[in-house]
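Only one structure is covered here, and it is reproduced in the block below.
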Amino acid sequence: MLTELQKKKLTHYFNAFDVDKNGTLEKSDFDKIVNGYAKTYKITQNSETYQYISSTYGKRWDALAKEADTNTDNKVSLDEWLSYQDKLLNDPKSNFLWLRVASMFIDIQDIDKDGTWSLEEYKIMYKIHGVGDDILAAEIFSKLDFDGDGKISKNDLMNLVADFYLSDNPQAPGNLFFGTYE
Ligand SMILES: [Ca+2]
Ligand SMILES: [Ca+2]
Ligand SMILES: [Ca+2]
Ligand SMILES: [Ca+2]
C-alpha cells in the first residue's frame, strides 16, 4: 500500500509526465517530452543521443501501456498509475525496476554526460515536464545540492530519488526531486 505522502508525490510525478495536462498519460506525452529535449538541446533526429532518448522513452511508454493500462484504452489514468507504482514499489518481483528507470531518467537529463546534474539541466527538466519555472528550479536545486558545488552527483541523485519514492518523512529533501508536490 502506498502511504498518503507517497500518493501525493506520485500524483505530482504523474502530472509531470502528463505534459499536455489532459489528465491521462498517452504516448503523445512521451513524444512531446522527447521533442522537448531535442528542441531545447538542438539534438537532430539522426543523432545517437536522439535515438537513445527516443528509444528509452518509447520503451517506457510500451512498458506502461503493457503493465499499467489495465483497461487497455491506450491511456494511463492516475488510478492505473498509482496501482502500477504500488506494485513496482511493493512487489519484490519488480526487482527495483523503479530504481533502474530512475537511473536512466537521471542519465538522460545529464545531457553533457559529466555524471552530475547542473542547475541548467535541472531547469530544463522542469521546463519540459512543466513542473515549475526557473526560480522554483533554482530554489529547490540549492536544497538538493548539499555541498553547494553547483552540481548534484549521480550518487546524490539516486539517494534523492529513493527518498522521493520511498520516504514517508515529509522533511526528506528528495521529496522535492520533481518540484513541489503540494
Ligand atoms: Ca496527457
Ligand atoms: Ca487505461
Ligand atoms: Ca551534467
Ligand atoms: Ca553537489
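The values are calculated or read from the model by the stated rules, or taken from the named source; none is laboratory data. What you are looking at is a predicted structure, and each value in this text was computed from that prediction instead of being measured. We place every Cβ from the backbone using ideal geometry, glycine too, and count neighbours over all the protein chains shown. Just the protein is used for accessible areas: all its heavy atoms, side chains included, with ligands, DNA and RNA removed. Shrake-Rupley method; radii C 1.70, N 1.55, O 1.52, S 1.80 Å.
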*Among Asn22, Tyr50, Gly115, pick out the residue whose Cα is farthest towards the positive end of the charge dipole of the chain, where Lys and Arg carry +1 and Asp and Glu carry -1 on C-beta, about the Cα centre.*
Tyr50
*Separation in nanometres of the label points that stand 7 Å from Cα toward Cβ, at Gln171 and Arg60*: 3.1 nm
*Label the chain by shape, choosing from rounded, prolate and oblate, from the square roots a ≥ b ≥ c of the eigenvalues of the Cα gyration tensor; if a/c is under 1.5 it is rounded, and otherwise prolate applies when a/b is larger than b/c, oblate when it is not.*
oblate
*Which value in nm describes the separation of the simple spin-label points at Asp86 and Leu119, placed 7 Å from the Cα toward the beta carbon?*
4.1 nm
*Under the Karplus relation 6.51 cos²θ - 1.76 cosθ + 1.60, θ = phi - 60°, what is the ordered set of whole-Hz ³J(HN,Hα) values for the stretch 5-19, x standing for Gly and Pro?*
5, 4, 4, 4, 5, 6, 5, 4, 4, 4, 4, 5, 8, 7, 5
*Can you grab the distance from the C-alpha centre of the stretch 72-92 to the C-alpha centre of the stretch 1-50, Å, no decimals?*
16 Å
*Set the Förster radius R0 to 22 Å, insert the Cβ-Cβ distance between Lys7 and Asn74 as r into 1/(1 + (r/R0)^6), and round the FRET efficiency to 0.05.*
0.35
_Gain on full stretching of the segment that runs from Lys93 to Tyr52 - 0.36 nm per residue minus C-alpha separation_ = 12.1 nm
_Protein-only accessible surface order, largest first, of Asp79, Asp133, Asp86 at 1.4 Å_ = Asp79, Asp133, Asp86
*Before rounding to the nearest 500, sum -39500 (n - 2.57) across all DSSP H runs of length at least 4 in the chain and divide by the residue total; then give [θ] at 222 nm in deg cm²/dmol.*
-19000 deg cm²/dmol
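Does the stretch 125-182 classify as rounded, prolate or oblate by the C-alpha gyration tensor (a ≥ b ≥ c root eigenvalues; a/c under 1.5 gives rounded; else a/b over b/c gives prolate, otherwise oblate)?
Details: a/c = 1.65, a/b = 1.12, b/c = 1.47.
Oblate, because a/c is 1.5 or more while a/b does not exceed b/c.
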